[in-house]
Amino acid sequence: MSTHVIKCEGVSFAYEKERVLEDIHLTVEEGEFLGIIGPNGSGKSTLIKLILHLIKPQTGKIEVFGKRIQNQKDRSLIGYVSQKANSFQRGFPATVKEVVASGLYGKLGLMRWMKKEDWKKVEEAIEWVGLSAFADRNIGNLSGGQQQRAFIARALVSEPKLLILDEPTVGIDVKSSKQFYDFLVELHQQTELTLVLVTHDMHAAMTIVDRIACLNKRLLYHGPTDHLMMKEKDILTQLFGNSLFSIQENQFCPS
């Protein structure tokens with residue numbers, strides 16, 4: 001029997017008088033890889049903030065693992081990588097190992113010393129994402145793709161059951177983005193994690209996720225990716241206007 005990892009029921013939210021989300025009903029099942037797509041201003045990042053309980057819905061409710069998030073202990077079940085995670089200046093005074101270790105602070109508390117077993121978790125997370133050779137290097141001296149892997153390691157070190165990635169390839173070149181998405185596929189295949197990917201990259205959304213949610217303040221579609229491409233292509237026009245999208249070329253082509 002499937003388990004709802006995320007359940008949104010009738011969720012709406014507005015900033016002052018501007019309605020950003022309206023009557024969102026969305027479920028994410030255990031082990032699923034969901035992609036969330038939509039144009040700028042469609043409410044994607046706001047929905048993630050609501051799921052993380054950083055802001056509260058004005059109507060409706062959101063449950064994560066069957067309950068509303070109340071505290072840091074509840075949030076420890078969720079790993080989160082933001083779109084600004086890789087915006088480091090060169091020479092930023094933290095190594096990859098230190099950045100990944102900071103992912104344990106929520107469980108350990110800021111005033112507790114890291115124990116030997118905690119550092120072992122850090123090393124294992126770094127090894128899993130393929131950055132062992134860079135563990136002692138300053139995070140700001142890594143490429144954008146490597147930085148994002150480091151932040152996935154930071155998210156994974158606390159052993160979450162849900163990983164949310166909000167526009168993780170912003171500012172990363174095409175080659176690094178491809179490698180990063182290949183890594184996400186491997187991560188999903190080799191773990192029991194539930195993944196939610198918010199992205200503007202239509203090629204990634206259409207080729208690596210199990211299911212897709214099309215958002216533009218309202219939820220226009222939520223279901224299998226292949227069904228969207230075969231029977232619901234008009235939804236993409238509602239989202240992105242009169243553009244023809246080429247999956248093979250990974251670009252929008254003005255019509």
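The values are calculated or read from the model by the stated rules, or taken from the named source; none is laboratory data. Here the structure is a predicted model, which is why all the values come from computation and not from measurement. Note that we place each Cβ from the backbone using ideal geometry, even for glycine, and neighbour counts take in every protein chain shown.
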Quick check on Leu131: is it modelled with pLDDT under 85, under 22 Å from Tyr80 (Cβ atoms) and among the aliphatic types (A, V, I, L, M)? no
Determine the pairs where a residue that is in the same structural domain as Ala155 (by TED's automatic domain parsing) and at positive phi, located within the range 166-188, has a partner that is assigned to a helix (DSSP H, G or I) and crowded, with 19+ Cβ neighbours inside 10 Å with Cβ atoms under 6 Å apart, the partner being 6 or more residues away or on another chain. none
If we ask which residues in the range 52-63 are of a type outside the set (Asp, Glu) and touching a strand residue (DSSP E or B) at 6+ places or on another chain (Cβ under 6 Å), their number turns out to be 6
Could you please find all residues in the range 72-128 being of a type in the set (A, V, I, L, M, F, W, C), surrounded by fewer than 19 Cβ atoms within 10 Å (Cβ to Cβ), at pLDDT 80 or above and under 25 Å from Ile51 (Cα atoms)? Leu77
Those residues that are out of contact with any strand residue (DSSP E or B) (no Cβ under 7 Å at 6 or more places or on another chain) and either basic (Lys, Arg) or farther than 21 Å from Ser143 by Cβ (or both), I need them from the range 174-224; list them, please. Lys175, Lys178, Gln189, Gln190, Thr191, Glu192, Met206, Thr207, Asn216
Ile62: in contact with a Cys (Cβ under 9 Å, 6 or more places away or on another chain) and assigned by TED's automatic domain parsing to the domain that holds Glu192, yes or no? yes
Out of the residues in the range 219-234 meeting the condition of being hydrophobic (A, V, I, L, M, F, W, C) and within 13 Å of Met202 (Cα to Cα), tell me which one is surrounded by the most Cβ atoms within 10 Å (Cβ to Cβ). Leu228
Please list, ordered by first then second residue, the pairs with beta carbon atoms under 7 Å, 6 or more apart or interchain, first in the range 1-25 and closer than 13 Å to Gly66 by Cβ and at pLDDT below 95, second part of a loop (DSSP other than H, G, I, E, B) and of a type in the set (Phe, Trp, Tyr). Val5/Phe65
When Ala155 is evaluated against the numbered criteria (1) modelled with pLDDT of 90 or more; (2) buried (at least 18 other Cβ atoms within 10 Å of the Cβ); (3) assigned to a loop (DSSP other than H, G, I, E, B), which criterion, by number, is the only one it fails? (3)
With (1) part of a loop (DSSP other than H, G, I, E, B); (2) farther than 18 Å from Ala155 by Cα as the list, and Lys175 as the residue in question, which single condition is left unmet? (1)
Quick check on Leu215: is it more than 13 Å from the chain's Cα centre (by Cα) and at pLDDT 90 or above? yes
Options Ser143, Ser176: the member that is over 17 Å from Ile208 (Cα atoms), small (Gly, Ala, Ser) and surrounded by fewer than 22 Cβ atoms within 10 Å (Cβ to Cβ): Ser143
Test each condition in (1) under 15 Å from the mean Cα position of the chain (by Cα); (2) without any contact (Cβ under 8 Å) to a residue 60 or more places away in the chain for Glu159 and report the one that comes out false. (1)
Tally of residues being assigned to a helix (DSSP H, G or I) and buried (at least 17 other Cβ atoms within 10 Å of the Cβ) across the range 184-196: 3
